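Read through the structure below, which is laid out as structure tokens, and then see the notes.
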Amino acid sequence: MCGIVGVASAARSRFVLDDVRAMADRIVHRGPDDGGFHDGGAAIIGMRRLSIIDLEGGHQPIHNADKTIWVVNNGEIYNFRQLRRELEARGFRFATNSDTEVIVHAYEAWGDDFLDRIDGMFAVALWDSRRQCLILARDRLGIKPLYFWPYDGGFAFASEVKAFLPLQGFSPAPDPAAMLDYLGIGYAVAPSSIFAGVEKIPPGHRLIWDGGQPDIRPYWALPTAVDDTLSYDDWVERIGAELRRSVSDHLVADVPVGSFLSGGIDSSAICALMKEVSDDELSTYSIGYAGSRVADYYNELPYARIVADRLGSTHREIAVQPDVAALLPKLLYHVEEPISDSAITTTYLVSQLAAETVKVIMSGVGGDELFAGYTRYLGDHYLRRYRRIPSIFRRTVLPGLARFLPSGRQNRMMDLARYAKRFVRADQLSWRERYAYYLAIADRDALGELLGVEALGPQHGLERIAASETSSDEQLRVMRIDAQTQLPECLLLLTDKLTMASSIECRVPFLDTKLTEMAATIPARHKLPNGRLKGVLKDALRGVLPDDIIDRRKRGFGAPVGSWFKSELAGLRAHLLDRATLARRGLVNPDAVGRICALHDANRADYTDLLLVLMNMEVWARLFCDNRSVDDVSGELSAIRPAA
């Protein structure tokens, strides 16, 4: 696990090796163990290294025998041992035991198609001096981030945007076009980012530059059709075998490996399979909440303890109180994008806990996307039943009743009312519009009001992706949408950056390439048998986990911030969303924000995610646009008295 940086320019670049070293210094937390650079003239590449495999010999950049090809890699190549044997049989000789050296010789053997042969999580930069060609690539599902900033005569690239801060001419400012993404769905879909002029290379894409304009193209995509030839029992058997293999592959490391444990099915399955396939001691780490009835609703520590006890793991845990205001600037500094997921707090704190004893951590991220674990995936299932109600009743009576339902997240009944309210409103929409609506944190009317425009122009990123999706299977089409939107741009982004902020590597076995491709071909009727979320995965895990863990109701990994905004964090919200502050910043309409706060406080609408992104955006702007330090902004927020 590392952080990579570099610049490229056909003419004499305004940036030199010292500039690239300064870029790497900004992301030293991603690789405190080592650093390395190569100046190829037209391109300079560099990295910071967290040593995981071949601790002594894995220094990067790694080159070929005649030093014409140089590579830096952020991530791990899980099939490097198999590829190494294949390449050695073709006559290639290896100078290290590093997985990164496999990339060098794979490129020599297969040219630009080398990405088809490597499997893992990675962001790669490869410089070929013979071709005077730079290749950048991001792994298939976007587990590792990769940004680039075009400037006059060239471009810079890095694992994190803050690496561009030392470069002359880079001036952080919000991208107005990206605001539609952040306010609409809570994150920006590649190639957009919150930073004007900075783009993200999309998952499964590569950039090839040979002196002209960078050429960005896909090299991989999920299957577009399901496999109807296998029975339910066949899928159960295949899933169990593939998940077990994936966990085994992801355990490859020369340092201790632990696992996050929420007590839910995904992280519990990873832990149980780690125990099954490895003789090493199992270390698990959990986070929960305390202090109120709402906190108890979100708290999963008791379930995590049950799993840890049954597996005999060395278990560590922490409980979070809603006194996290001072932490917010540090979180936003590392995440860099003002996403609306409250898991930024929990992920960072549990990563800090894990970093005390391990350098590699496993996570259950991806299980919900692969095997249909979200309530929104039941939309079509229940819609078929809902439409048995006479249409006149659905169009006139039920929408009126739904308006009076409360909306919140502080207990089970409020959650169900929130889901019901959305479901009724989505009845008359097409499947694309309906799915985008389920994921939206603000509808288009609210967006127009926030942005101060009567008619919105371009679609936000999720709507754009959904518009191009044509799969006939209802689960495959939403899986393909999620794999290009929420998964890489929210869940994986925060997972990577907040574990890296603690200088630990996070691995996600559910997102193994073969397992992901297999899961994509499972028909919806098997993923959701009789409307049972994750039905086929749960049955694949019978015998691996106790039934009471498999069958208990899902809770997320977020925090009860929606309730905190009405109570303990009301002062913080008022400070960051102060009318004068919003007017001075000029990004959103202060009157619209005031109405949103009032509706949220009255439980008439749940705006947890929208309020979070608005607050995060203001903290982001103070850090990056106003050029204030983390300590400075943290000190300001610490002075705000919490509500009684």
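The values are calculated or read from the model by the stated rules, or taken from the named source; none is laboratory data. Fair warning: this is a prediction, and the values are worked out from it, not measured in the lab. All Cβ positions, even for glycine, are placed from backbone atoms using ideal geometry, and neighbour counts span all protein chains on display. For accessibility, only protein heavy atoms count, side chains too; no ligands or nucleic acids. Shrake-Rupley method; radii C 1.70, N 1.55, O 1.52, S 1.80 Å.
Going by the conditions given, is Cys625 within 25 Å of Leu165 (Cα to Cα) and either modelled with pLDDT of 95 or more or open to solvent by 10 Å² or more (accessible area, probe 1.4 Å) (or both)? Spelling it out, Cys625 is indeed within 25 Å of Leu165 (Cα to Cα) and either modelled with pLDDT of 95 or more or open to solvent by 10 Å² or more (accessible area, probe 1.4 Å) (or both). In the condition set (1) hydroxyl-bearing (Ser, Thr, Tyr); (2) more than 27 Å from Ser468 (Cβ to Cβ); (3) surrounded by fewer than 23 Cβ atoms within 10 Å (Cβ to Cβ), Thr224 is compliant with all but (2). Listed by position, the helices (runs of 4 or more DSSP H) inside the stretch 566-644 whose residues that are more than 27 Å from the chain's Cα centre (by Cα) number at least 3 are 570-576, 579-585, 590-601, 630-638.
Scanning the stretch 92-106 for residues that are touching a Gly at 6+ places or on another chain (Cβ under 8 Å) and closer than 15 Å to Phe122 by Cβ returns Ser98, Asp99, Thr100. The condition of being touching a Gly at 6+ places or on another chain (Cβ under 9 Å), hydrophobic (A, V, I, L, M, F, W, C) and touching a residue at least 60 places away in the same chain (Cβ under 8 Å) holds for only one of Leu533, Leu498, that being Leu533.
Out of curiosity, is Leu328 at pLDDT 85 or above, in contact with a Phe, Trp or Tyr (Cβ under 8 Å, 6 or more places away or on another chain) and within 30 Å of Leu623 (Cα to Cα)? It is false that Leu328 is at pLDDT 85 or above, in contact with a Phe, Trp or Tyr (Cβ under 8 Å, 6 or more places away or on another chain) and within 30 Å of Leu623 (Cα to Cα). Could you check, for the stretch 589-601, whether at least one of its residues is closer than 24 Å to Lys275 by Cα, modelled with pLDDT of 90 or more and either of a type outside the set (Asp, Glu) or crowded, with 17+ Cβ neighbours inside 10 Å (or both)? Within the stretch 589-601, none of the residues are closer than 24 Å to Lys275 by Cα, modelled with pLDDT of 90 or more and either of a type outside the set (Asp, Glu) or crowded, with 17+ Cβ neighbours inside 10 Å (or both).
Which one of the conditions (1) open to solvent by less than 10 Å² (accessible area, probe 1.4 Å); (2) within 30 Å of Tyr438 (Cβ to Cβ); (3) among the charged types (D, E, K, R) does Asp175 fail to meet, given that it meets all the rest? It is condition (1) that Asp175 fails.
To keep it simple, each residue is scored yes or no on (1) among the polar types (S, T, N, Q); (2) over 25 Å from the mean Cα position of the chain (by Cα).
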{"position": "Gly111", "(1), (2)": "no, yes"}
{"position": "Leu115", "(1), (2)": "no, no"}
{"position": "Val124", "(1), (2)": "no, no"}
{"position": "Ser129", "(1), (2)": "yes, yes"}
{"position": "Ala137", "(1), (2)": "no, no"}
{"position": "Ile143", "(1), (2)": "no, no"}
{"position": "Ser159", "(1), (2)": "yes, no"}
{"position": "Leu165", "(1), (2)": "no, no"}
{"position": "Ala173", "(1), (2)": "no, no"}
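Among the residues of the stretch 110-119, not a single one is crowded, with 20+ Cβ neighbours inside 10 Å, of a type outside the set (A, V, I, L, M, F, W, C) and free of Cβ contacts under 8 Å to residues at least 60 places away in the same chain.
Among the residues of the stretch 181-225, those that are acidic (Asp, Glu) and touching a residue at least 12 places away in the same chain (Cβ under 8 Å) comprise Asp181, Glu199, Asp210. From the list Gly197, Gly211, the one residue that fits, being of a type outside the set (Ser, Thr, Tyr), open to solvent by less than 40 Å² (accessible area, probe 1.4 Å), farther than 17 Å from Gln486 by Cβ and part of a loop (DSSP other than H, G, I, E, B), is Gly211.
Residue by residue through the stretch 433-490, note down the ones that are open to solvent by 30 Å² or more (accessible area, probe 1.4 Å), small (Gly, Ala, Ser) and either touching a residue at least 24 places away in the same chain (Cβ under 8 Å) or out of contact with any helix residue (DSSP H, G or I) (no Cβ under 9 Å at 6 or more places or on another chain) (or both). Scanning the stretch 433-490 gives Gly452, Ala467, Ser468, Ser472.
In the set (1) closer than 30 Å to Val255 by Cβ; (2) part of a strand (DSSP E or B); (3) among the small types (Gly, Ala, Ser), Ala22 fails one condition alone, (2).
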